[in-house]
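What follows is a short report on a single structure.
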Amino acid sequence: MIHCYKSNGYNIIIDGNSGSVHSVDEVAFDIIGLYESTPKDEIIKLILEKYKNRPDVNEAEINEVFADIEELIKQKKLFSKDIYADISIDFKNRQSVVKALCLHIAHDCNLACKYCFAGKGEYNGERSLMSFEVGKAALNFLIANSGTRKNLEVDFFGGEPLLNFEVVKKLVAYGREQEKTHNKNFRFTLTTNGILLNDEVMEFANREMSNVVLSLDGRKEVHDRLRVSRGGKGSYDLILPKFKKTVELRGDKNYYIRGTYTHYNTDFTNDILHMADLGFKELSMEPVVAPSSEPYALTEEDVSKLCEQYEKLAVEMIKRNKKGEGFTFYHYMIDLEKGPCIIKRISGCGVGAEYLAVTPTGELYPCHQFVGNEDFLMGNVFDGVTNTKIRDKFKLCNVYAKEECRDCFAHLYCGGGCAANSFHSSGDINGTYKIGCDLHRKRVECAVMIKVAEEHPSD
Amino acid sequence: MKRIRTLETKDLEKSAKKGGCGECQTSCQSASKTSCSIVNQQCEQNNKKKK
């Protein structure tokens, strides 16, 4: 299927099944839009009528566009067929390999962010910290179940992982020792609210962490409204200098300043630009995950405004980039030529199969967003995955398992979306989360538009 | 083509034959954690070539 849209003055066609992108003029845009539904003679008539004041639009020109379209069809770059549906069936018999763990090193937090999906860090359970023994067993489990995968990812997550920094350090040392023995490469990452960042942590993180994710929601009033201490005080002033220093010391290593936007700041582009104005260059901003009953939850009515914000952000990024003041935005970082292969695009994020979450006591869940829901308990790091039914269900949770995805132009961009969002929204991991899908489609449109603008800057 | 400009994109059909090494990053290990984004992940094979 194709998707035709206009953005920032560009007419863009995305061929959903091949991933091809075409930047076209308005005449070709109209013809391609009608191509499948309307007979050729009728299209010619309609185009000649619409552009009757344009001397450059005549029958010969229109026929030339038809010839170009036919050539692109031949090249499988336009109106291409979906040839990947059958590949997804093989996922059932695919060997189960674990390559990434989200280690819940602390089910406790020194903030009490009002929108926290982890229930103030405790995941609706008791406050607890992971012991070194459990963490060590988790790394052993990962190595033992990783097959021939060399790169193994471990995210120190919480709650707030720095509440258990001593164990983080010991686990990294253990991982470094084990990677040599087993010919693996550990990529550690840390997601932190920044409260406990100090010189020692910064030096350690900059040495050992391939990426650090620093939580900042943008403007002070936005951040302080929801990211508060247990006493209700905003955390912006406390963390900002620490984030600045961490990033400065990090040199060319990856980091993300990552925010969450809610119903309270549907003008979130201002928050992203605030981050950029503070000097941060690697930015991310995610829609809040929340039950619809919460006042800060995003609503269907918010979607059109949020889409405008994504567009505004994309246009501003192009402008700033031209001035040498560019920054990256996580969802717009697509590489059309060298991006992920089709297998990755079909199989999605790997939840419940390649990617698992580990609680402080060593329980295994499909991902961090299922932690605390015992229906999804898969086993533990000592005995491995014992509830293989859950794993098998997630192995088959891919873009072709979702009816709604089949006709969506963006299905090879999102891999079927977030299973946790689907579950929370529809009660089924193979369902869809409409707001999430609408926003994702818009982000894809904007990311592609930026690529078109890079290719044709003078347009 | 006068009115249609096609951007260079990855040949997904070709990648079906060679792809799937599984060495690439899991999307939620980076900046996401609450949504899913696949297409912005890097292909590890390209990183290898760069080295």
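The values are calculated or read from the model by the stated rules, or taken from the named source; none is laboratory data. Computed from a prediction, not measured in an experiment: that's the story for all the values here. Counting neighbours? That spans all protein chains shown, and the Cβs are built from the backbone with ideal geometry, glycine included. Please note that ligands, DNA and RNA were not included when accessible areas were found on the heavy atoms of the full protein model with its side chains. Shrake-Rupley method; radii C 1.70, N 1.55, O 1.52, S 1.80 Å.
The relative contact order of the stretch A:123-192, computed from alpha carbon pairs under 8 Å that lie at least 6 residues apart in sequence, is 42 percent.
Once the gyration tensor of the Cα atoms in chain B is diagonalised, the equivalent ellipsoid follows with semi-axes of 25, 17, 11 Å, ordered largest first. Against chain A, whose longest principal axis comes from its Cα atoms, helix A:132-144 is set at around 40 degrees.
Remark on residue A:337: its backbone amide H falls under 5 Å from those of B:10, a criterion applied only to residues 5 or more positions apart or on other chains, H modelled at 1.01 Å from N. Legend: mean number of C-beta atoms from other chains within 10 angstrom of residue C-beta atoms, peptide A:10-21, equals 3.
Taking all protein chains as shown and a probe of 1.4 angstrom, residue A:25 keeps an accessible surface of around 40 Å². Accessible surface for the protein assembly as shown, divided over its residues, is 42 Å² per residue with a 1.4 Å probe. For chain A, the longest principal axis of the C-alpha atoms and the axis of helix A:236-250 are separated by about 80°. Per the Debye formula on identical point scatterers at the alpha carbon atoms of the stretch A:253-327, with no solvent, log10 I(q)/I(0) at q = 0.13, 0.22, 0.26 Å⁻¹ is -0.42, -0.99, -1.22. Here, the stretch A:134-282 is characterised by an Rg to Rh ratio of 1.02, where Rg is the alpha-carbon radius of gyration and Rh the Kirkwood radius.
Would you mind getting the Kirkwood hydrodynamic radius of the stretch A:124-219 from its Cα pairs, rounded to one decimal in Å?
Values: mean 1/r = 0.0703 Å⁻¹.
It is 14.2 Å.
One Cα centroid belongs to the stretch A:155-222, the other to the stretch A:390-459; the line between them spans 29 Å. Listed by chain and number, the aspartates and glutamates whose alpha-carbon sits under 16 Å from that of residue A:220, ignoring those within fewer than 8 places in the same chain, are A:237, A:267, A:271, A:277. In chain A, the longest principal axis of the Cα atoms and the axis of helix A:199-208 are about 60 degrees apart. All C-alpha to C-alpha distances of the stretch A:1-111, sorted into 5 Å bins beginning at zero, yield P(r) values of 2, 9, 16, 15, 13, 9, 6, 6, 7, 5, 4, 4, 3, 2 percent in whole numbers.
In percent, how large is the relative contact order of chain A, given Cα pairs closer than 8 Å and 6 or more residues apart? Walk me through the numbers on the way to the answer.
Numbers: 787 pairs, mean separation 73.0, N = 459.
This gives 16 percent for chain A.
Can you put A:3, A:331 in order of accessible area, largest first, using a 1.4 Å probe? Numbers along the way, then the final one.
Values: A:3 40, A:331 10 Å².
From most accessible down to least: A:3, A:331.
If you restrict to DSSP beta bridges whose two residues both lie in the protein assembly as shown, what percentage is antiparallel, to the nearest 5?
On the way: 23 of 56 bridges.
Counting DSSP beta bridges with both partners in the protein assembly as shown, the antiparallel share is about 40 percent.
The value obtained for the stretch A:280-438, namely the Cα convex hull volume divided by the number of residues, is 162 Å³ per residue.
For the peptide A:442-451, the mean number of other protein chain Cβ atoms found within 10 angstrom of a residue's Cβ is 2. Here chain A yields Rg over Rh of 1.00, to two decimals, using C-alpha coordinates and the Kirkwood radius.
Here are some pairs, A:50/A:442; A:52/A:319; A:6/A:434; A:120/A:393; which of them have Cα atoms lying more than 25 Å apart in this structure? Display every interim value, and only then the final one.
Details: A:50/A:442 29 Å; A:52/A:319 35 Å; A:6/A:434 22 Å; A:120/A:393 29 Å.
Long pairs (Cα-Cα over 25 Å): A:50/A:442; A:52/A:319; A:120/A:393.
Less than 5 angstrom separates the built amide H of residue A:186 from those of A:152, all sequence-distant by 5 or more or on a different chain. Phi-derived couplings, Karplus 6.51 cos²θ - 1.76 cosθ + 1.60 at θ = phi - 60°, listed residue by residue for the stretch A:388-399: 6, 4, 5, 4, 5, 5, 6, 4, 8, 7, 9, 4 Hz, with x used for Gly and Pro.
Residue by residue through A:408-417, how many Cβ atoms from other chains fall within 10 Å of the Cβ on average?
Working: counts 0, 0, 1, 1, 3, 5, 6, 6, 2, 4.
The mean count of partner-chain Cβ atoms within 10 Å per residue comes to 3.
What is the sum of charges, Lys and Arg at +1 and Asp and Glu at -1, for the other residues whose Cβ falls under 11 Å from the Cβ of residue A:430? If you can, show how the numbers build up before the last one.
Working: positive: A:393, A:402; negative: A:403, A:404, A:428.
Taking every other residue near residue A:430 into account, the sum is -1.
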